[in-house]
1. So which aspartates and glutamates can Lys207 reach, going by Cα to Cα under 19 Å and dropping same-chain residues fewer than 8 places off?
2. For the chain, taking Cα atoms only, what is the radius of gyration to one decimal and the Dmax to the nearest whole Å?
3. Excluding residues fewer than 8 places away in the same chain, name every one of the aspartates and glutamates whose C-alpha is closer than 17 Å to that of Lys53.
4. When the dipole is taken about the Cα centre of the chain, and only Lys, Arg (+1) and Asp, Glu (-1) are charged at their Cβ, what size is it in debye, to the nearest 20?
5. Which order do the peptides 91-99, 63-71 take when ranked by the mean count of other beta-carbon atoms within 10 Å per residue, highest first?
6. Mind computing the radius of gyration and Dmax over the alpha-carbon atoms of region 96-172? Å is fine for both.
7. Calculate the FRET efficiency for Cys21 and Ser197 from the Cβ-Cβ distance with a Förster distance of 25 Å, rounded to the nearest 0.05.
8. In the chain, which longest range has no GluC sites (Glu not before Pro) that are both DSSP loop (not H, G, I, E or B) and surrounded by at most 10 other Cβ atoms within 10 Å?
Amino acid sequence: MRLGCLHAHHSNIALISDGLCIDGLALTHFVDPGVLIRSELSGHFPDEASRAKIREQLQWIAACGVDAILITCTQYIAGMQPEDENCVELPIIKLDEPFFHDVSSSSGSHRLLFSNPATIKGTMARYHSFSHVRSSETDVRAELVPDSFPLLMSGRTAEYREAIYHGLQVLAKRGEPESISVAQLSMVPAAELFEASTGRPIGNPLKSLRAEIERILFPS
């Protein structure tokens, strides 16, 4: 089975490749940061031009002989409408949906940490819609690591991960949220390092994704 992976940043390739080592699964990666760059310049996302570009990307990937498409960019996902997904006749797996399931199943207060401020509104709206259907009453709120996302987009990956790690330290020291997760795939390495260093579990989308891939592409 071949999975086409749509990324907005090249750093997600290694994260997905390492996290989805599944027998019988081949990954084909497609990277296009243009929609994110355009949205930063215009201040408007999603607009019809951005959605049209995403549909074009999905159709291009579908024509490359894949069995399903994984979208790893939370901003891409948040900007999509149902009609955008329907432009291809393949399963579309969104990074955040299995993650939402795990977050909504947690108890007590939960904080989702973001680095990209443009992602927060759309992602939280999708989460609240998801949890409403499941009648979840989990107290989930967004937190931002300020001024961190430009580090990633300019290739300063080590500094970016340091900023996320520091953001997790600040949040954990408050003592108020019972559970913490990072909401974006690019934040996973810092979250895993923090978890290993402190022993405090940090949720992340990659933890939830593998089971969803296996369920869709390798049903028993």
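Coordinate-derived values only; no laboratory data. Values in this document were obtained by computation on a predicted structure and should not be read as measured data. Virtual Cβ from ideal backbone geometry, glycine too; neighbours counted across all protein chains shown.
1. Those aspartates and glutamates meeting the cut-off are Asp18, Asp23, Asp96, Glu97, Asp102, Glu178, Glu192, Glu195.
2. 16.8, 49
3. Reachable aspartates and glutamates: Asp32, Glu40, Glu83, Asp84, Glu85.
4. 260
5. 91-99, 63-71
6. Expressed in Å, the Cα Rg and Dmax of region 96-172 come to 13.8, 41.
7. 0.55
8. Details: sites that count: Glu89, Glu137.
Counting only loop sites that pass the neighbour cut-off, the longest clear stretch is 1-88.
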